[in-house]
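The values are calculated or read from the model by the stated rules, or taken from the named source; none is laboratory data. Note that this is a predicted model, so its numbers are computed, not measured. So basically every Cβ, Gly included, is an ideal-geometry build from the backbone, and we count neighbours across all protein chains shown. The accessibility values were calculated without ligands, DNA or RNA, using every heavy atom of the protein model including side chains. Shrake-Rupley method; radii C 1.70, N 1.55, O 1.52, S 1.80 Å.
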Amino acid sequence: NNGTFSICAFNPVVAPPPANDNCTGATSVTVPVSGCNSVAGTITGATMSSQANGCFGTANDDVWYSFVATSAGASININNVAGSTTDLYHSVYAGTCGTPGAALVCSDPNSSTLTGLTIGNTYFVRIFSYGSTSAQTTTFDLCIQATGPCGTPNNQDYCVAPAQLTQFSRL
């Protein structure tokens, strides 16, 4: 059979990895004294990091964040999840990027609470889709909030969840 045809070859368009694709490029998140500074994030284009995943899920599209503890406790919330999958997973580490150690928390829900943090130490948050399907296009907002007692021994000037006081008249 004779005939004519055309061949078209091209490289598929692949999203570049985000800047925080690896632990060494972790996006720094400021933990305010009260409230939350949401940080927008995505796993679009993310690849697998060299650190072992000691938690469940498949960390083949992980991104990293870091924060410095401002209190002995913190809450992690992943909000406004949208895209090709909404089943995100996160873990938190106290070590370094080279040796992160065992996860302090492994969480399939999009929220977790940490206790026993050392004020002033840096912690790393790893976020990835739970499943093994690659090329996910999920976006989210990350919120890290300080929790725990008010102030520090040297500075009792704030409280994450202050008690409500009622003034009474003296008799």
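Below are the figures for this structure:
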quantity	calculated
Selection count, the range 135-158, where residues are under 24 Å from residue 28 (Cα atoms), part of a strand (DSSP E or B) and at pLDDT below 85	1
Close pairs (7 angstrom Cβ cut-off, 6 or more residues apart or separate chains): over 17 Å from residue 21 (Cβ atoms) in the range 52-63, in a loop (DSSP other than H, G, I, E, B) and of a type in the set (Gly, Ala, Ser) anywhere	54/102; 54/103; 55/103
Test for residue 107: is it of a type in the set (Gly, Ala, Ser) and closer than 12 Å to residue 130 by Cα	yes
Residue match in the range 92-99 (condition: within 15 Å of residue 29 (Cα to Cα) and among the hydroxyl-bearing types (Ser, Thr, Tyr))	yes
Hey, residue 82 in contact (Cβ under 8 Å) with a residue 60 or more places away in the chain and open to solvent by less than 60 Å² (accessible area, probe 1.4 Å) or not	no
Test: residue in the range 6-26 that is in contact (Cβ under 8 Å) with a residue 12 or more places away in the chain, touching a Leu at 6+ places or on another chain (Cβ under 9 Å) and of a type in the set (A, V, I, L, M)	no
All positions within the range 2-28 that are over 30 Å from residue 122 (Cα atoms) and aliphatic (A, V, I, L, M)	7, 9, 13, 14
Residues being surrounded by fewer than 13 Cβ atoms within 10 Å (Cβ to Cβ) and aliphatic (A, V, I, L, M) - total across the range 43-63	1
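The rows are residues; the columns are (1) over 21 Å from residue 17 (Cβ atoms); (2) without any contact (Cβ under 8 Å) to a residue 40 or more places away in the chain; (3) of a type in the set (Gly, Ala, Ser); (4) surrounded by fewer than 19 Cβ atoms within 10 Å (Cβ to Cβ).
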site: 41; (1), (2), (3), (4): no, no, yes, no
site: 65; (1), (2), (3), (4): no, no, no, no
site: 70; (1), (2), (3), (4): yes, no, no, no
site: 95; (1), (2), (3), (4): yes, yes, yes, yes
site: 98; (1), (2), (3), (4): no, yes, yes, yes
